[in-house]
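The values are calculated or read from the model by the stated rules, or taken from the named source; none is laboratory data. Not measured: the values here are computed from a predicted model. Here the Cβ positions follow ideal geometry from the backbone for every residue, glycine too, while neighbour counts run over all protein chains shown.
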Amino acid sequence: MLRRRELVAVAVVAGMLAAACNSDASGDSERDPGGGSAPDDAAVAWAGKVCESLWEGGEALGEAPAPDSADPLAARDAVLDFLGNVHESLTGLEGTLEDLGEPPVRGGPEVYGEAMATLEDTQSAVARSIDELDAAEIVDGESFEAAMERAGETFAELDTLDGPAGEFRQNDDLRAAMDEAPECRSL
């Protein structure tokens with residue numbers, strides 16, 4: 001059975017997607033100066049569409065696999081399938097964000113650029129992990145565990161576990177819009 005640290009790649013990606021639209025009702029997060037006014041309808045609609053895409057992507061993922069190194073080839077296939085679903089979900093979110101464009105709030109272009117950069121970094125990390133795991137020579141449980149550890153190191157390079165919504169929530173106006181959008185409340 002795999003030790004916890006060998007499942008880093010799976011856990012990090014699943015955590016990023018789960019945290020992507022969580023509410024920070026405590027108000028302890030870093031905030032933009034100013035802002036914080038009641039969100040307008042356009043901002044709430046924009047946030048709702050983003051959260052809907054996050055929800056749909058999370059639903060498509062299902063549960064992260066719990067691979068068993070006793071059957072290393074099946075374990076690798078299960079992780080590769082999951083990571084493929086993660087990559088597909090991230091691509092769907094990217095398409096949604098490109099279709100929506102910048103959020104209609106003060107500071108929208110800046111926060112959009114930061115969120116898209118995070119999304120691209122995450123997609124690249126997932127793609128590299130897929131390639132590394134797919135290319136790894138898996139002959140036994142030990143070689144599978146080593147391959148999983150290497151794939152997990154790719155995710156350790158990421159700067160955030162919050163995904164693009166982490167950047168969106170740093171903007172007071174977008175955080176308020178996400179808090180008001182019904183699609184974001186269900187995440």
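Would you check if there is a residue in the range 108-131 being within 30 Å of ASP173 (Cα to Cα), among the small types (Gly, Ala, Ser) and outside any helix (DSSP H, G or I)? No: the range 108-131 contains no residue that is within 30 Å of ASP173 (Cα to Cα), among the small types (Gly, Ala, Ser) and outside any helix (DSSP H, G or I).
In the set (1) surrounded by 19 or more Cβ atoms within 10 Å (Cβ to Cβ); (2) under 16 Å from CYS51 (Cα atoms); (3) touching a Lys or Arg at 6+ places or on another chain (Cβ under 8 Å), LEU133 fails one condition alone, (2).
Quick check on the range 49-63: of everything there that is in contact with a helix residue (DSSP H, G or I) (Cβ under 8 Å, 6 or more places away or on another chain) and of a type in the set (Asp, Glu), which residue is nearest to PRO164 (Cα to Cα)?
Selected residue: GLU52.
Please verify whether PRO109 is out of contact with any helix residue (DSSP H, G or I) (no Cβ under 9 Å at 6 or more places or on another chain) and modelled with pLDDT of 95 or more, treating the condition exactly as stated. The answer is yes for PRO109. Just one of the numbered conditions (1) in contact (Cβ under 8 Å) with a residue 12 or more places away in the chain; (2) surrounded by 15 or more Cβ atoms within 10 Å (Cβ to Cβ); (3) charged (D, E, K, R); (4) out of contact with any Asp or Glu (no Cβ under 7 Å at 6 or more places or on another chain) is not true of GLU145: (4).
Table: residues versus (1) under 30 Å from ALA136 (Cα atoms); (2) assigned to a loop (DSSP other than H, G, I, E, B); (3) in contact (Cβ under 8 Å) with a residue 12 or more places away in the chain.
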residue: ALA70; (1), (2), (3): yes, yes, yes
residue: ALA75; (1), (2), (3): yes, no, yes
residue: LEU80; (1), (2), (3): yes, no, yes
residue: GLY84; (1), (2), (3): yes, no, yes
residue: HIS87; (1), (2), (3): yes, no, yes
residue: LEU90; (1), (2), (3): yes, no, yes
residue: THR96; (1), (2), (3): no, no, yes
residue: PRO104; (1), (2), (3): no, yes, yes
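Residue check: is VAL126 of a type in the set (A, V, I, L, M), in contact (Cβ under 8 Å) with a residue 40 or more places away in the chain and under 18 Å from HIS87 (Cβ atoms)? Against the criterion (of a type in the set (A, V, I, L, M), in contact (Cβ under 8 Å) with a residue 40 or more places away in the chain and under 18 Å from HIS87 (Cβ atoms)), VAL126 qualifies.
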